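Presented below is the structure to which this report refers.
The values are calculated or read from the model by the stated rules, or taken from the named source; none is laboratory data. Quantities reported herein were computed from a predicted structural model and do not represent experimental measurements. Here the Cβ positions follow ideal geometry from the backbone for every residue, glycine too, while neighbour counts run over all protein chains shown. Heads up: the accessible areas ignore ligands, DNA and RNA and are worked out on the full protein's heavy atoms, side chains in. Shrake-Rupley method; radii C 1.70, N 1.55, O 1.52, S 1.80 Å.
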Amino acid sequence: MTKIYNDPADFKNEVINGFALAYPDYVRRVPGASGFIRSGGPRAGKVSLVVGGGSGHYPSYSGVTGVGFADGAVLGDVFTSPSAEQVYRVARAAHGGAGLVLAFGNYAGDRLNFAAAADRLRAEGVDVRIVYVTDDIASATAAEGDKRRGIAGTFTVYKVGGAAAERGDDLDTVERIMRAANARTFSFGVAFAGCTFPGQSGPLFAVAERTMDFGLGIHGEPGVRSDAWMPASKIAAALVEPLLAERPAGTRRAAVLLNGLGATKYEELFLLWSNVWPLLADAGVEPVMPEVGELVTSLDMAGCSLSITWLDDELDELWRAPARTPAFRRGSVRTDTFDSSETFEHGESFERYVPPEQAVVAGAAEQAGPESECAAAVVRDALRAMTAVVVEHEDELARIDAVAGDGDHGSGMVRGSRAAQSAAEAAGGGVETVLAAAASAFGDRAGGTSGVLWSLFLRTIGESLGDVEPVDPARLARAVRRGAAAMKDFGGAELGDKTMLDALFPFVDALDANLAAGAALADAWAAAARSAVEAADATSRLVPRIGRARPLAKRSVGSPDAGATSMGLILTAVGDVLARHRG
């Protein structure tokens with residue numbers, strides 16, 4: 001269990017502050033962002049590699065920022081992807097003029113947020129490439145390799161990419177090398193006990209006594225199968241055999257990682273390695289500079305994973321190349337690439353992040369129409385109701401999400417809703433201005449898939465309603481439908497995939513039908529919200545086809561989708577607000 005914390009909501013920020021204090025010779029905190037760049041800043045003319053994802057995986061991300069590895073790292077809340085805003089800020093700070101590679105594990109929230117940041121950077125003239133890692137063989141078949149999760153194999157892919165950038169390769173080459181490394185990287189893991197979020201009393205999943213879970217995820221997802229306890233020799237075989245089954249023809253040399261997940265001790269890992277090595281040798285595998293230790297963890301999870309990257313001459317050279325980071329050091333780096341004198345001043349490491357909700361558009365209140373300002377007051381009440389209902393149901397949403405996911409949906413929705421409410425209350429003006437502030441704040445504070453999608457939803461509704469015209473029922477219904485369509489188009493989910501859309505689209509269809517039948521807005525909304533709740537409950541019969549729950553689809557059957565559930569709760573709460581404002 002994670003025992004050291006103050007307020008669990010501040011866990012990530014306090015970790016970042018402590019890391020900045022501990023390693024000022026290696027990294028610089030990016031002002032106003034939850035991330036770091038290498039000490040001395042970006043090198044002019046060098047391709048920059050920026051990696052990132054949720055907190056809870058140290059030394060991944062911040063611990064491998066430095067010479068010969070990553071140029072920047074951005075961290076979200078525990079097991080939650082960083083927001084697009086945070087990715088943008090760190091990437092902008094890391095850019096040295098020769099282009100950027102943004103790299104991360106293959107998770108829906110990371111893909112959406114990093115893609116949104118990349119679009120923003122490209123609009124500013126920065127050449128950006130995206131490489132997501134897909135090494136986890138337990139999460140999809142080889143035929144669906146693009147759907148595989150990224151776990152400890154991210155370490156190797158980032159290492160060779162960072163080495164290529166360090167030696168001066170151009171952007172096309174760095175991207176090509178990282179994609180080649182990813183295609184030759186395979187991982188498989190075993191868990192002996194689940195991990196526990198800071199402030200929570202129990203783990204995200206439990207492993208029965210004298211059993212173990214194979215095929216776990218690093219965000220607290222349980223394994224795809226359970227087995228009875230077995231000795232180290234058999235664990236070694238259970239890890240090695242499925243990886244060798246995907247060995248490319250003609251390969252011999254390999255970068256091999258035996259990775260501890262947080263609570264398994266080094267002595268146990270060394271013992272297991274003594275059983276893994278002979279199996280590799282018997283298969284004709286030549287491990288090149290193998291690593292045994294904690295490389296990509298999962299808070300306090302007990303367990304380990306084995307990763308193999310099959311090397312050619314180019315990848316071999318890059319894997320062996322020097323690096324100097326807080327958590328990983330190899331060989332001797334060039335002295336002209338490291339300057340410990342160019343660090344931030346002490347106070348800058350502790351510069352508090354100013355959320356975007358505090359950046360209120362000047363003069364917006366004067367530009368708004370009086371009817372829109374009145375409607376904006378209703379929006380603020382709706383956001384208060386949204387916050388109240390997700391706070392009330394936070395534990396329930398976390399429990400549902402943990403059945404086949406990482407259990408962070410409740411906390412993420414609470415963070416986002418509170419930030420959105422605060423932003424809306426600070427913003428003057430009409431509906432569009434207030435919802436724009438709320439959308440930016442929600443996305444940045446919540447992070448993850450829900451953060452970016454809810455941010456898009458709120459922003460689209462605001463843009464559809466504007467700051468001048470009154471908000472009548474027909475305009476509101478059209479705006480909500482446009483918001484739903486924007487979420488669907490951006491997120492790539494379809495109805496029936498077991499997502500929040502499975503509650504939202506029944507709502508918008510019912511709202512349109514109720515209004516067309518002559519119902520008043522409050523009544524039409526309340527009836528449509530009941531349809532959303534019923535549809536959310538019905539997702540318990542669905543099998544997830546995208547997202548973190550997909551690898552554990554069978555476990556998910558019988559439980560509703562957490563995103564659909566929160567959508568139904570929020571739409572119901574907003575209906576209560578409309579009823580109070582009736583007339």
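Assorted remarks:
- Other residues lying with their Cβ under 13 Å from the Cβ of residue 164 contribute a combined charge of -2, Lys and Arg counting +1, Asp and Glu -1.
- D (Stokes-Einstein, µm²/s), Kirkwood Cα radius, the range 367-429, 1.306 mPa s at 10 °C: 124 µm²/s
- Protection proxy ranking, peptides 374-387, 451-464, average beta carbon neighbours within 10 Å, highest first: 451-464, 374-387
- Cα gyration tensor shape for the range 1-133, rounded if a/c is under 1.5, else prolate or oblate: oblate
- By average C-beta atoms within 10 angstrom, highest first, the peptides 260-270, 90-100: 90-100, 260-270
- DSSP bridge pairs, the range 1-98: antiparallel proportion in percent, nearest 5: 45 percent
- Additional length obtainable on full extension of the chain from residue 142 to residue 391, 0.36 nm per residue less Cα span: 85.6 nm
- Packing-based order for 483-495, 528-540, using average beta carbon neighbours within 10 Å, highest first: 528-540, 483-495
- Within a straight-line Cα-Cα reach of under 29 Å, residue 234 can be paired with the following lysines, leaving aside sequence neighbours fewer than 8 residues apart in one chain: 147, 265, 554.
- Solvent-accessible area per residue for the chain (1.4 angstrom probe, square angstrom): 37 Å²
- Spatially proximal lysines relative to residue 488 (Cα-Cα < 17 Å; intrachain offsets below 8 disregarded): 498
- Annotation: extensible slack from residue 17 through residue 371 equals 122.9 nm (criterion: 0.36 nm per residue apart, minus Cα-Cα distance).
- Computed [θ] at 222 nm, deg cm²/dmol, the chain (DSSP H ≥ 4; -39,500 (n - 2.57); rounded to nearest 500): -15000 deg cm²/dmol
- Close amide-amide hydrogen proximity is noted between residue 253 and 286, 311, each under 5 Å apart and 5 or more residues distant or on a separate chain (H modeled in the peptide plane; Pro and chain starts excluded).
- Computed over protein heavy atoms with a 1.4 Å probe, the carbon and sulfur contribution to the accessible area of the chain reaches 52%.
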